[in-house]
Amino acid sequence: MAHVRLFRHYIHVPFVILGLIDFVVLAVSFSLAAFFRHFGEVSFFLDSYVFLLPSAVVFSLVNLVVMIALGVHQSRLEEGMSGMMLRTIFSLIIGVPAVSVLFIIGNDWLWYLGFTDLLTSASVFGFFLLGICRWVFFAMAGKDAFKRKVLVLGAGFRARQLLEDLTTPFNRKGFILTGFVPIPDEPVQVSDENLLQIPTTLHQYILKHPAKEIVVAVDDRRKGLPMEDLLECKMLGVRIVDGAGFYERESRKVALEMVTHGWLVFSDGFKVSSVYGFGKRFLDILAAGLLLLAGLPLMILTAIAIKIEDGIKAPVFYSQERVGLNGSVFKVHKFRSMITDAEKNGAVWASQNDARVTKVGEVIRKIRVDELPQIFNVLNGTMAFVGPRPERPVFVEQLSEKIPFYSERHRVKPGLTGWAQLCFAYADNEEDTREKLRYDLYYIKNQSLLLDLLIIIQTVEVVLFKKGSR
């Protein structure tokens, strides 16, 4: 099993294991630093460790959360081991003051004597031990130790979609595609090198060439599935998975080309309880309040900078109509980042190197400061902290006619940040919007407080590394 599902969100098992390893390594690093800094005798250290353990746990937990926020583990896929370790250094540097604050607040139950030197030493130990353990881990995991062998039944349009979308380095982490088995009367759209011509039954092939999963990705099931054959395979312990569900699990987005209204109706997800609603609103207010306190000085400086560039009479904010929950229209507030008559000829998509963007606007867009006034939309309840980004009514009307299921993104409140913002860059055309909708539907289908927390934490990476800004 290469995934676990926590509160309806798929998490790749190797990264769960890596997170647990990092947690233990960081606790060991803190313990080593404490031993050399304050003990020196093994027996004395072991007798006192019960008092040290809570501090070691807090040190590990805080640093692990910072690493998740900075995308340390995922960076291994795009930036390699060197990029991963560079982000780890940054995380450990941020972790020192963060843990220090907690040690001061919790001085009744946390052991923190000489914590500045101790935390610095623990972070140095941690960096080197994490590097060693990760090298060993990836040396093992890189040899397909955690990957499942997957066979795809079907070789038409849906099968080709799986092949094209799920064989990128980012997505293809949990499985190895052994091949595609065409079915009679279905046009073949998969290249010959990926096809499996099975002379016997699927069941007999699986006996000789074991696979963990069979993904059913046929274009029309009415043309006849080998149900008895699939049942025999299932009795062997092979998982039979629907193509759309497999796509969702592996890519953490919904395949628009594969799903139908029937699939959405009968698939798992789209469950919202009153407890979740209360918890989400509490999280919205808490996160927005903290962001307002932290961002207030920056908001004041931004207002001053806009006035200096455009004159004392120039407006600092601008408001736009956006589509919210259940299609209702509301006013969203932002810092003005374009010239005052930017849309005198009507609404148009923002584009790369947009000439309408001011000098101050270019800076605040890159670091996403222009979005901060939307905190007040979150506090007044027209927006949530996490959700699909709200779009303008004129664009919603156009996109709803062209993109299937586009209106479904209005089943939840729009958000200040969201799953699509973490996973995909800025959308400035119809095709990009279609791709972001895949992620938005995944969020709506699998929304939970855990997923909201993960999105909030990982938004830090988006801001620091300027992912998705334009």
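Some points to look at:
- Subset tally (residues that are more than 13 Å from GLY361 (Cβ to Cβ) and free of Cβ contacts under 8 Å to residues at least 24 places away in the same chain) for region 309-326: 4
- Number of residues in region 266-284 that are among the hydrophobic types (A, V, I, L, M, F, W, C), modelled with pLDDT of 75 or more and surrounded by fewer than 14 Cβ atoms within 10 Å (Cβ to Cβ): the value is 3.
- Region 298-329, subset open to solvent by 80 Å² or more (accessible area, probe 1.4 Å) and not in a strand (DSSP E or B), residue nearest to VAL412 (Cα to Cα): ASN326
- Count of region 1-38 residues which are in contact with a helix residue (DSSP H, G or I) (Cβ under 7 Å, 6 or more places away or on another chain) and either at pLDDT below 70 or acidic (Asp, Glu) (or both): 10
- The residue pairs whose first member lies in region 54-74 and is open to solvent by less than 10 Å² (accessible area, probe 1.4 Å), whose second member is part of a loop (DSSP other than H, G, I, E, B), and whose beta carbons are closer than 8 Å, counting only pairs six or more residues apart or on different chains, are SER55/LEU110; SER55/TRP111; SER55/TYR112; MET67/HIS73; GLY71/PHE465.
- When each of VAL386, VAL357, VAL394 is tested for being closer than 20 Å to ARG252 by Cα and aliphatic (A, V, I, L, M), the lone residue that passes is VAL386.
- Hits in region 308-328 - residues which are over 26 Å from the mean Cα position of the chain (by Cα) and basic (Lys, Arg): LYS313
- The lone exception for ASN380 - which of (1) within 19 Å of HIS333 (Cβ to Cβ); (2) surrounded by fewer than 19 Cβ atoms within 10 Å (Cβ to Cβ); (3) of a type outside the set (A, V, I, L, M, F, W, C); (4) touching a residue at least 60 places away in the same chain (Cβ under 8 Å) it fails: (4)
- Answer residue from region 440-460, given it is touching a Gly at 6+ places or on another chain (Cβ under 8 Å) and not aliphatic (A, V, I, L, M) and is surrounded by the most Cβ atoms within 10 Å (Cβ to Cβ) among those: ASP440
- Among the candidates ARG409, ARG434, the residue that is in contact with an Asp or Glu (Cβ under 7 Å, 6 or more places away or on another chain), in a helix (DSSP H, G or I) and open to solvent by 10 Å² or more (accessible area, probe 1.4 Å) is uniquely ARG409.
- Total residues in region 250-264 satisfying the condition of being assigned to a helix (DSSP H, G or I) and surrounded by fewer than 18 Cβ atoms within 10 Å (Cβ to Cβ): the figure is 4.
- Members of region 386-397 found to be open to solvent by 20 Å² or more (accessible area, probe 1.4 Å) and in contact (Cβ under 8 Å) with a residue 12 or more places away in the chain, listed by number: ARG389, GLU391, ARG392, PRO393, VAL394
- Set LYS208, LYS212, LYS223, LYS234: member being open to solvent by 90 Å² or more (accessible area, probe 1.4 Å) and in contact (Cβ under 8 Å) with a residue 60 or more places away in the chain: LYS212
- Checklist (1) free of Cβ contacts under 8 Å to residues at least 24 places away in the same chain; (2) crowded, with 22+ Cβ neighbours inside 10 Å; (3) not basic (Lys, Arg) applied to GLN421, failing item: (1)
- Selection from region 330-367 of residues that are modelled with pLDDT of 75 or more and either among the polar types (S, T, N, Q) or in a loop (DSSP other than H, G, I, E, B) (or both): ARG336, SER337, ILE339, ARG356, THR358, ILE367
The values are calculated or read from the model by the stated rules, or taken from the named source; none is laboratory data. Quick caveat, the model's predicted, so the values are computed rather than measured. Glycine gets a Cβ as well: all are built from the backbone with ideal geometry, and neighbour counts include every protein chain shown. Surface areas here come from the heavy atoms of the whole protein model, side chains and all, with no ligands, DNA or RNA. Shrake-Rupley method; radii C 1.70, N 1.55, O 1.52, S 1.80 Å.
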